[in-house]
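Note sheet for the following structure.
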Amino acid sequence: MKGVFPLDKFRSLPTPFYYYDTDVLRNTLAAIHRETIKYPNYAVHYAMKANVNPKLLSVIRESGLGADCVSGGEIHAAIRAGFSADKIVFAGVGKADWEINLALEHGIFCFNVESVPELEVINELAAAQNKVAKVAFRINPDVGAHTHANITTGLAENKFGISMEDMDRVVDTALEMKNVKFIGLHFHIGSQIMDMGDFIALCNRVNELQDKLEARCILVEHINVGGGLGIDYAHPNRQAVPNFKDYFATYAGQLKLRPYQTLHFELGRSVVGQCGSLISKVLYVKQGTKKKFAILDAGMTELIRPALYQAYHKIENLTSDDVVQAYDVVGPVCETSDVFGKAIDLNKVRRGDLIAIRSAGAYGEAMVSGYNCRKLPQSYTSAELI
Ligand code: LLP
């Protein structure tokens, strides 16, 4: 089954471009709302890194989510889009001084701190601004996620977070500092996680660490379990909205949240992934010695996920219903890895056909590059093309 797209409108637009179905986005946000309203002490922050297109940000902000930022640029984008500063969390292993200062000036909700040297700098910069920075520690829970090695983050070997063994020492250090207030623990084990068992493993670890802290009479108000819920790349139409019900219910059932605590989430891909498609035109169909190539005007510069992670995205020929043939679908960039998919079944492809690369709303436009001096793609929403 192919997606439904406004083809007449597409034909007059210069390709390649990103197309966002705002109905899918709104349905997704409504599902998040429906599921989280059951748990009054849950707070969801949108992980800005997935997509900072202002047209999407305004819809996401209207739905009441907070923002999870990893750079000063993302803090600017969040504020510009109207996210309230007291719902912004700021993560990242390498926060620059200007970024910390910016976050302090805006009075963001919380810094997710990844090391003692970073904590010291935040304390110093907060003192200079005569402020107290609220901090959570990102603890590396040493929990593996069943996902691509490049997007798993919670293993001891990854660069992220503070090790469990160091937690007590780091908490003690923070408690002695005047210009930081220790308010929570932060975790994130990886992205595109479909197996709820991985989240259960995280919950078990959080429960252990909480018990350990409480034994030392240290109470934290906030637990942040990051993001990571995956989407169904194989069936963007059948499962346009991810399974938020099971996701939040897993945490409700497994994480021993104390009554005075808030549980925070940082969801990126599951919010915007399915609403976006990269729309491209076929430049040439080339018969190689062993196979046929469909050469598109979009490449790894517009969507790098297949080249970088061997990620699968469903590809559809929107303008043909002819007999299905197998093609290697490739981009124009001078790199062997500039391939969207090999031996992909498509309705017979001709020059000028419009191709949709689906489930590209997350980490698509946000990771665009100008390599080969290529023009950055435009974006359109379904609301704009009515
Ligand atoms: N919180 C933290 C601390 C993170 O590092 C991430 C993603 C998220 C939240 C949001 O995770 P999500 O809900 O989107 O899974 N470019 C890669 C994904 C990198 C994810 C990085 N961290 C990709 O295209 O698959």
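All of the numbers you see were taken from the coordinates with simple rules; none came from a lab. Since we're looking at a predicted model, the values are computed, not measured. With ideal geometry, Cβ positions are generated from the backbone for all residues, glycine too; neighbour counts draw on all protein chains shown.
Okay, here's what the table says:
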| item | result |
| --- | --- |
| Relative contact order of region 23-271, pairs being alpha-carbon contacts under 8 Å that are 6 or more residues apart, as % | 21 percent |
| Rounded Å value of the spacing that divides the Cα centres of region 55-72 and region 116-131 | 26 Å |
| From phi via Karplus (6.51, -1.76, 1.60), per-residue ³J(HN,Hα) for region 207-220 in Hz, x at Gly/Pro | 4, 4, 5, 5, 4, 4, 5, 5, 4, 9, 6, 9, 10, 10 |
| Residue-wise HN-Hα coupling along region 315-323, computed from phi with Karplus coefficients 6.51, -1.76, 1.60 (Hz; x: Gly, Pro) | 10, 10, 8, 7, 10, 9, 10, 5, 3 |
| Out-of-range pairs (alpha-carbon distance over 28 Å; input K9/K55; K49/K292; K55/K159; K87/K245) | K49/K292; K55/K159 |
| Rounded to whole Hz, the Karplus (6.51, -1.76, 1.60) HN-Hα couplings of region 126-140, x for glycine and proline | 5, 4, 4, 9, 6, 10, 10, 8, 7, 10, 10, 9, 7, 9, 7 |
| Amide H contacts under 5 Å for S379, placed H, 5+ residues apart | Y18 |
| Placed amide H near G66: partners under 5 Å, 5+ positions off or other chain | V44, H45, Y46 |
| Amide proton proximity set for T319, modelled H, under 5 Å, gap of 5+ | L354 |
| Signed unit charges on C-beta, dipole axis of the chain, positive-most listed residue V339, V282, F83 | V282 |
| Linear extension gain, A252 paired with E208, 0.36 nm per residue minus alpha-carbon span | 14.2 nm |
| Within-15-Å neighbourhood charge of F244 [Cβ basis; K, R +1; D, E -1] | +1 |
| For region 331-366 versus region 199-220, the gap between their alpha-carbon centres in whole angstrom | 45 Å |
| Check: region 23-271 dipole with +1 on Lys, Arg Cβ and -1 on Asp, Glu Cβ, in debye | 800 debye |
| Set of lysines with alpha-carbon distance to K286 below 26 Å, sequence-local pairs under 8 removed | K2, K314, K342, K348, K375 |
